[in-house]
Each structure stands twice: as structure tokens, then as C-alpha cells.
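A quick write-up on the structure given underneath.
Throughout, read-outs are computed from the coordinates displayed, never taken from laboratory work. None of the values given here were measured: they were computed from a predicted structure. Here the Cβ is made from the backbone with ideal geometry for all residues, glycine too, and neighbour counts use every protein chain on show.
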């Protein structure tokens, strides 16, 4: 049995989807994140499942890769990384509150919330983004499919226009590495 046709089909779909990404929107996100760094604002990332891994990866890349040895440093926090906090909120309050309750502890007006949801409809993401927006945060959303409810709440939406979660998640990671690569060239 050969998997070549399936491999090529996946890679072709990925390539065609990349061509549909909005470079201007990606640039807006880069400028927003750079402005947060330059003004001392925090950036909070969050996601569920594979999107949680991407939220964590963003924090690692920006806190170390774009901050180590530099005068201007990013303040990036992945809200899904503190497992005891996440689980206690899920158990004692609700899973839908795991991110919003953390933001209530820390968020200041002008901070950035990087919300990652392939469907754009994760209740815990929507609750957190709605509250953050009402409290002066700038919202960057990473979405797929139709963009869901999250698309309408974002100031900047990095949308992957395909109904395929694996490709959506692949390209959400590309956004991280693309932005990191662009900002890495600036020695500040």
C-alpha cells in the first residue's frame, strides 16, 4: 500500500491554503505584538488541545527567542500553562471560566489577548475574549473554518480559511514562527 497520493493531497491542500492567508492582517498582528513589547504591556495567549500547545509555543518563542539578550523584552503568558489553576477553576467554577478568571487577576487596559480557536466557538475562549475586550484589551484571534464567534470579537483576525482542523493548526504554528522570524531581525 502506498500513501504517496494522500501525502501529496495533504501537502497540496496546505500549499493552496497558505496562498489564501492575509499578509496585511499578519503584519497588523506583528505590529500589535511589537507595540505591546515596546509599551510594557502583557500578552496573554490561550487555547484548548492543539491550540493550547500553540499558545504555549508562542509564549516560549517570544519570551526566550525574541527576548533573551535584548533590551526590550516580551511579557508573554500562556494562560493554559498553569495546570493547577486551570484544573481548580474547571473543577470549582466551570471549564468555561478557566481563562476569564485568570484575566480578571492580571489584565490591564492595553494588554493583548492572543486567542486561538480552530472553530472560533470555544466557550472558554469566547468568555475570556468578551471580558477582555470590555476591559480594554486588544484581541488577536487565530481562527479556522468560518471563524466562528471569535472572528467577530477580534481587532485582528489571523484566519485560516479551511474546514480542516489539522491544516488550521499547522498554519496557526506558522503564524508564530513567521512573526518570530520577522521580529528576530530587529536587534532591540
Completion exercise
So, with points 7 Å from each Cα along the Cβ direction, the residue 35-residue 20 label distance in nm works out to 2.9 nm
Problem - Order of 17, 54 - criterion: other Cβ atoms within 10 Å of each residue's Cβ, fewest first - result: 17, 54
Problem - Pairwise label distance in nanometres, residue 13 with residue 177, each label 7 Å out on the Cα-Cβ vector - result: 2.0 nm
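If I take R0 = 41 Å and measure r between the Cβ atoms of residue 72 and residue 146 in this structure, what FRET efficiency does the formula 1/(1 + (r/R0)^6) give, to the nearest 0.05? Spell out each step's value before the answer.
On the way: r = 37 Å, r/R0 = 0.90.
Working from the Cβ atoms, E equals 0.65.
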Problem - Candidates 127, 80, 105: whichever shows maximal mean-square fluctuation once the chain is modelled as a Gaussian network with Cα springs under 10 Å - result: 105
Fill in the blank from the handout: Between (i) 18.0; (ii) 16.8; (iii) 20.9, the structure-derived Kirkwood radius over Cα pairs in Å is (ii)
Problem - Theoretical ellipticity at 222 nm over the chain - DSSP helices of four or more residues, -39500 (n - 2.57) apiece, nearest 500 - result: -16500 deg cm²/dmol
Practice task
Kindly rank 92-102, 4-14 from highest to lowest mean number of other beta carbons found within 10 Å of each residue.
Solution key: 92-102, 4-14
Completion exercise
GNM on the chain, Cα springs under 10 Å; top mean-square fluctuation among 31, 126, 140 goes to 31
